[in-house]
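Below is one structure, written out as structure tokens, with a few remarks after it.
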């Protein structure tokens, strides 16, 4: 079970109908009357909590299953990398712009442009299954990292040291 | 064909980022000056960039390999 520890706001409440009887837990995608185990959550409430720039939330529930393999993105590592890239950009700007207040203003402006609103929410429910391979990816984080890297490469290229 | 397309996308991304930076410098009326760096400092920056590139590559590779 993978759960991100990257939170800037309130953690959304996700309820799972785990105490429901066996009959309730039988879910069919083709049956409109069927009750999905994760359908209890209040989506309006979730939307209200999304006020921060970046949130990542992942929930994986596995029940009565065997030989299940789950691979998820290491969000913490990705966020650490993001911070390192931002620090490197700040470093290059600060050594290339003589005035520190100008450097700070430029960095703030640049980071503001690079900010993407990211909300990654994934829920996976596996029940009565065998031989399942699940892979989840956090594309938003990967895109943001690529963008920051491109900016850093462009800045370093201007130093003529590559 | 796929490589050609990828190259075009990469070029477009590079150009866009260059323009974004030019615009940010211009808007803030900031002049980018090449600092005087020692050989060691230049190497440190190159190493830092290489490490970060590898980090991003590994993370995105993990995702695409899956």
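Figures for the structure shown
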quantity	calculated
Rounded FRET efficiency, nearest 0.05, which uses the C-beta distance separating residue B:8 from residue B:39 and R0 of 30 Å	0.25
Inter-site label distance for residue B:15 and residue B:31 at 7 Å from Cα along Cβ, in nm	2.9
Average beta-carbon neighbours from other chains, 10 Å sphere, peptide B:44-52	5
Computed FRET value (nearest 0.05) for residue A:67 with residue A:139, which takes r as the C-beta separation and R₀ as 30 Å	0.65
Shielding of A:71-79 by partner chains, average beta-carbon count, 10 Å	2
Mean Cβ count within 10 Å, highest first, over the residues of peptides A:83-93, A:145-155, B:51-61, A:130-140	A:145-155, A:83-93, B:51-61, A:130-140
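Rule-based calculations on the coordinates, nothing more; no lab input. Predicted, not measured: the structure shown is a model, and the values here were computed from it. For neighbour counting, all protein chains shown are included, and Cβ atoms are generated from backbone atoms with ideal geometry for every residue, glycine included.
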